[in-house]
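Student: Mind looking over this structure? Questions follow.
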Amino acid sequence: MSSDELWRLSATDAVQALRKGDLRPTELIDVTIDRIEAVDREINALPIRCFDRAYDQAKSIEKIGPGRDPKNLAGLPVAVKDYNDVGGVRTTYGSPIYAGHVPETSDTTVARLEANGAIPVAKSNVPEWAGGHTFNPVHGITRNPWNTGRSAGGSSGGSAAAVASGQVWLATGNDLGGSLRTPAGFNGVVGLRPGPGVVPRGARLQAFDTLWVEGPMARNVPDVALMLDAGAGHDPGDPLSFEPVGGFVAALNGSDPPARVAFSPDLGIVPMAREISEVAAKAVGQLTDAGVDVTEEAPDFSGALDAFQTLRAVLLGTMMGELLETHRDQIAEDIVGNIERGFRVTPNMLFEAERVRWQLYHRMTTFFQTHDLLICPSASIPAFPVEQRYVTEIDGKPCETYIDWFAITFALTMTSCPVVSIPCGFTTDGLPVGLQIVGKPRGEKAMLCAAKWIEDLFGIAEELPIDPRLFNGE
């Protein structure tokens, strides 16, 4: 195959070729480097490269062979989000405080992937510490390959843009309030937020938190399942982690349409741009036409947004309070405000937030007694102009906070249910629109099976990867 044909392969096909010996890991490292050097100057998705380290890993795999474990990626190059440590590679978290930081070892999430044959080839760009738009003072702005004048979303914006533009087949992401799902929607790729504990997390994160999870990004659902197989499992350093029963790829062999789903354009609690609602509703109409029973019986999400804001503030205060004391002048003003909000949380605010989450979870379990899935858009708006720091209004309605525009994702974080975002259509300007598919608690396999069937119905995954489309057609 030519280099052009190789970077267009799905991750599933590339790994199959590696396992059979039809391709060598070093060949794919060459392909990846060529593609990064050809297109990333337009996108800035992968600012930190570790090519020599990747070659060393590839040569080691070639010496011993890929093995027979179905979870093994057999030497496939991947991108790692710059919130995750890769041993011996600069890891900045998008912060000038850590601009020269080089961890000695990979964190738990990355180490498991490496043990299962993944080869980190570059670090993907992130917002400074957190956020829905990928820019920072260390590496600058990441642009959307569908239109380089638009945001790639965040915080996994670099990962999503790299996958969409064919620079890598798979990339890591993580998700607190939508950081896997928002950029997946903006870039027309698939982003999976698994339930807490499915993918083990590193020691940098609060061990007993269930809001922040690690997960995969890919061009289609089978590729996401492939990466989830390689990354899931129990690790002693993560007390919530566990070993899943059976494989996620194997579960896709029985992909069937869902029988009954609920669709809500806004979960009853968030503002939504009209065009997004229309594109999402049209896509869901295809489910109805295919015989799926689609209702409007979404659970009640009352109180979920305020509760999330409280719990997120407590988490940021817990993780970053000490750093704020020593490096306040080197932390973005927005993040400082979020950390300080955690200091102002009262016991009664925390009690109420936990009650809301508790009640919402039980409403979800009741909902899933009569429905297979809950479906809604991945963001309230399409990808916004890249020069904006954040969204201030939606169809003329002002946003109260700088994260209101992705409330449609952080409301679902509060459920602890698995959620996958897949592309469902395009705006009149040709920007991708994502659809969130929510499954039952611990129901990743059934949810992915249904998502695979829906993805095949929509037929959009076949359009990836793409060459960057320059702003104004330049």
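Just so it is clear, none of the values below were taken in a lab; they were calculated from the coordinates. The shown structure was predicted, so the numbers you read here are calculated from the model rather than taken from an experiment. For neighbour counting, all protein chains shown are included, and Cβ atoms are generated from backbone atoms with ideal geometry for every residue, glycine included.
Student: Per-residue HN-Hα couplings for segment 343-354, Karplus 6.51 cos²θ - 1.76 cosθ + 1.60 at θ = phi - 60°, whole Hz, x for Gly and Pro?
Tutor: Using θ = phi - 60°, the values come out as 5, 8, 5, 8, x, 5, 5, 5, 4, 5, 4, 5 Hz.
Student: For segment 3-473, what is the percent of antiparallel DSSP beta bridges, rounded to the nearest 5?
Tutor: Numbers: 30 of 44 bridges.
Here the share of antiparallel DSSP bridges comes out near 70 percent.
Student: Please report how far the C-alpha centroid of segment 423-453 lies from that of segment 237-276, rounded to the nearest whole angstrom.
Tutor: 7
Student: Once the piece of chain linking Gln16 and Glu104 is laid out straight, how much longer is it, given 0.36 nm per residue of separation minus the C-alpha distance between them?
Tutor: Roughly 28.5 nm would be gained on extension.
Student: Compute the separation of the alpha-carbon centres of segment 64-83 and segment 212-229 and state it in Å as a whole number.
Tutor: Using only Cα atoms, the two centres lie 13 Å from each other.
Student: Per the Kirkwood formula on distinct C-alpha pairs, the Rh of segment 1-55 is how many angstrom? Don't skip to the end; give the middle numbers.
Tutor: Values: mean 1/r = 0.0828 Å⁻¹.
About 12.1 Å for segment 1-55.
Student: Once you have the alpha carbon radius of gyration of segment 435-474, what is it after dividing by 2.2 N^0.38 Å, with N set to its residue count?
Tutor: 1.70
Student: Using the per-residue mean of other Cβ atoms lying within 10 Å as a proxy for protection, in what order, highest first, do the peptides 247-253, 42-48 fall?
Tutor: Ranked by mean Cβ neighbours within 10 Å, highest first: 42-48, 247-253.
Student: Trypsin sites (Lys or Arg not before Pro) within segment 187-269: which are DSSP loop residues with at most 14 other Cβ atoms inside 10 Å?
Tutor: The qualifying sites are Arg204.
Student: May I pose another question? Which cross-chain or sequence-distant (5 or more) residues have an amide H under 5 Å from the amide H of Lys81, H modelled 1.01 Å from N in plane?
Tutor: Counting only residues 5 or more places away or on other chains, the set is Ser124, Thr172.
Student: Further question on the same structure: Taking the Cβ of Gly173 as the centre, find all other residues whose Cβ is under 13 Å away and add up their charges (Lys, Arg: +1; Asp, Glu: -1).
Tutor: On the way: positive: Lys81, Lys123, Arg181, Arg193, Arg201; negative: Asp82, Asp175, Glu214.
So the surrounding residues net to +2.
Student: Search the structure for amide H atoms under 5 Å from the amide H of Ile466, placed 1.01 Å from N in the peptide plane, and list their residues when 5 or more places away or on another chain.
Tutor: Placed amide hydrogens put Ser165, Gly166 under 5 Å from Ile466.
Student: Check cross-link reach from Lys445 to the aspartates and glutamates: straight Cα distance under 14 Å, and skip same-chain residues fewer than eight apart.
Tutor: Asp223, Asp229, Glu243, Asp256, Asp372
Student: Which entries in Lys123/Lys282; Lys20/Lys452; Lys63/Lys123; Lys123/Lys452 show an alpha-carbon gap greater than 30 Å?
Tutor: Violating the 30 Å limit, Cα to Cα: Lys123/Lys282.
Student: Which whole number in µm²/s is D for segment 30-155 by Stokes-Einstein, with the Kirkwood Rh taken over Cα pairs at 10 °C and 1.306 mPa s?
Tutor: Estimated via Stokes-Einstein, D reaches 104 µm²/s.
Student: Each residue of segment 451-461 in order: what ³J(HN,Hα) in whole Hz does its phi give by Karplus 6.51 cos²θ - 1.76 cosθ + 1.60, θ = phi - 60°, with x for Gly and Pro?
Tutor: 5, 5, 5, 5, 4, 4, 5, 6, x, 8, 4
Student: On average over all directions, what projected area in square nanometres does segment 150-271 have, based on the convex hull of its Cα atoms? Spell out each step's value before the answer.
Tutor: Details: hull surface 37.1 nm².
Convex hull of Cα atoms, orientation-averaged projection: 9.3 nm².
Student: Per residue of segment 242-250, what does 6.51 cos²θ - 1.76 cosθ + 1.60 with θ = phi - 60° give for ³J(HN,Hα)? Whole Hz please, x for Gly and Pro, Karplus curve as stated.
Tutor: 8, 9, x, 8, x, x, 6, 5, 4
Student: Would you please classify the overall shape of segment 380-458 from the alpha carbon gyration tensor, given that a ≥ b ≥ c denote the square roots of the eigenvalues, rounded means a/c under 1.5, and beyond that prolate means a/b larger than b/c while oblate covers the rest?
Tutor: Because a/c hits 1.5 or more and a/b fails to exceed b/c, segment 380-458 counts as oblate.
Student: If we restrict to alpha carbons, what Rg and Dmax does segment 302-421 come to, in Å?
Tutor: Using the Cα atoms of segment 302-421, the pair Rg, Dmax is 16.5, 52 Å.
Student: Right, another one. Could you sort the peptides 411-419, 51-59 by per-residue average Cβ neighbour count (10 Å cutoff), highest mean leading? Before the final figure, lay out the partial values.
Tutor: Details: 411-419: 24.6, 51-59: 16.8.
In descending order of packing, they fall as 411-419, 51-59.
Student: Still on this structure, please answer the following. Starting from the alpha-carbon convex hull of segment 272-345, give the projected area averaged over all orientations, in nm².
Tutor: Mean projected area for segment 272-345: 7.8 nm², to one decimal.
Student: Let me spell out the model: positive unit charges on the Cβ of Lys and Arg, negative unit charges on the Cβ of Asp and Glu, origin at the Cα centre of the chain. What dipole size does that give, in debye rounded to 20?
Tutor: 620
Student: By its C-alpha gyration tensor, with a ≥ b ≥ c as the square roots of the eigenvalues, how is segment 212-327 shaped: rounded for a/c under 1.5, else prolate for a/b larger than b/c, else oblate? Don't skip to the answer; put the middle values down first.
Tutor: Details: a/c = 2.42, a/b = 1.23, b/c = 1.96.
Verdict is oblate for segment 212-327.
Student: While we're looking at this one, here's another question. If amide hydrogens are placed 1.01 Å from N in the peptide plane, which non-local residues have theirs closer than 5 Å to the one on Asn147?
Tutor: Sorted by chain and number, the residues that satisfy this are Arg469.
Student: Now a separate question. Can you order the peptides 315-328, 422-435 by their average number of other Cβ atoms within 10 Å per residue, highest first?
Tutor: Details: 315-328: 14.9, 422-435: 21.2.
Descending mean neighbour count gives 422-435, 315-328.
Student: Along its principal axes, what span do the Cα atoms of segment 3-473 show, with the longest given first and each in whole Å?
Tutor: Sorted largest first, the three principal extents are 58, 57, 50 Å.
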